[in-house]
Amino acid sequence: MSQISFSSEWLSQLSDPYAVLGLSVAADERRVLKRYHTIAKLLHPDTLIAADPAIQTLAGQILAKLVNPAYQRLKQEKERAETIALLRLRVRQINQDESLLPQGTMARQLLKLPLQEADVFYEQSVVQLGEVQYRQLAKFEASTRQLAELNLTYLSLKIGDPVIREKRTGIVSATQVKPAQFAPSQTETPQIAINYAQRHYYRAQEYAKKSNWTQVVAELRDAIRLEPNRSEYHSLLAKAYLMQNLVGMAKVHFRQALKFNPNDPLALQYAKRLDLTDPVPKATARASSGLFSLFTRKR
């Protein structure tokens, strides 16, 4: 690593700014800023005062030629959107020539996972690689390349989603990640997904207290994508739609809530007002079922 020339050709091979900063492609501006401060501190001369002079020089070059430019590209929403678009274009170009065949173990495992588990595994992998990326500069290049491959693999799995919605936090915190858990067992993965879905639900409840119904919808759509059969998720989502005068969508999710739990208190509260207890005509039932299926497929 200390002999890196930082030529334009070498720099171009590490052109994914998310990978350079050790971030998932769902990171919002707060995560970008927090990660940048963490890296800048790790590479600061005061932190490396006892390190070999060659390491100090290397750290300074990495900060100036890779980290700072990466942060400049990701600190604004417009630039992040353009970066995601370029990465998606790269995925499409790769798939046009041949199917994406990742080389790294984590990326290969990610490619095999169902979408419901992929989000969790991807965020965990990014966190673990980010933990060593700048703490051990000898592993910087290898870690960054693995992160870039993970990002492309994840975007390949999400190729049908029109937007990668940014999130304030990752699926798990760094303290929750254990190296031995990168091949999740069938008994472990559902618990991770449940906890994450519940966190979305708790945040939605807080937004509801502030009448921020748009954010309630955003959080609950993520919760339902992970756990589609929880009545309380559907009933609160239905209320959020109702508060935005989207009565049709509210009815769809109130009915889903009553389907999963006929005694759901919030759904029952609105059942009579919205005539949810009346028999649903077949055509309406089919339309509602189609709406719900479309919702779960998209998210």
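Scanning the stretch 73-98 for residues that are in contact with a helix residue (DSSP H, G or I) (Cβ under 9 Å, 6 or more places away or on another chain) and of a type outside the set (D, E, K, R) turns up L74, Q76, T83, I84, L87, V91, I94, N95. Of the residues making up the stretch 138-173, those that are modelled with pLDDT under 90, assigned to a helix (DSSP H, G or I) and aliphatic (A, V, I, L, M) are A138, L157. Once the stretch 58-91 is narrowed to residues that are in contact (Cβ under 8 Å) with a residue 12 or more places away in the chain and among the small types (G, A, S), the residue that is nearest to R30 (Cα to Cα) is A70.
Scanning the stretch 1-50 for residues that are of a type in the set (F, W, Y) and surrounded by fewer than 15 Cβ atoms within 10 Å (Cβ to Cβ) turns up F6, W10. Restricting attention to the stretch 60-99, the residues that are more than 28 Å from L111 (Cα to Cα), open to solvent by less than 90 Å² (accessible area, probe 1.4 Å) and outside any helix (DSSP H, G or I) add up to 1.
The values are calculated or read from the model by the stated rules, or taken from the named source; none is laboratory data. Since the structure is predicted, the reported quantities are computational estimates derived from the model, not experimental observations. For neighbour counting, all protein chains shown are included, and Cβ atoms are generated from backbone atoms with ideal geometry for every residue, glycine included. Surface accessibility is based on the protein's heavy atoms, side chains included, excluding ligands, DNA and RNA. Shrake-Rupley method; radii C 1.70, N 1.55, O 1.52, S 1.80 Å.
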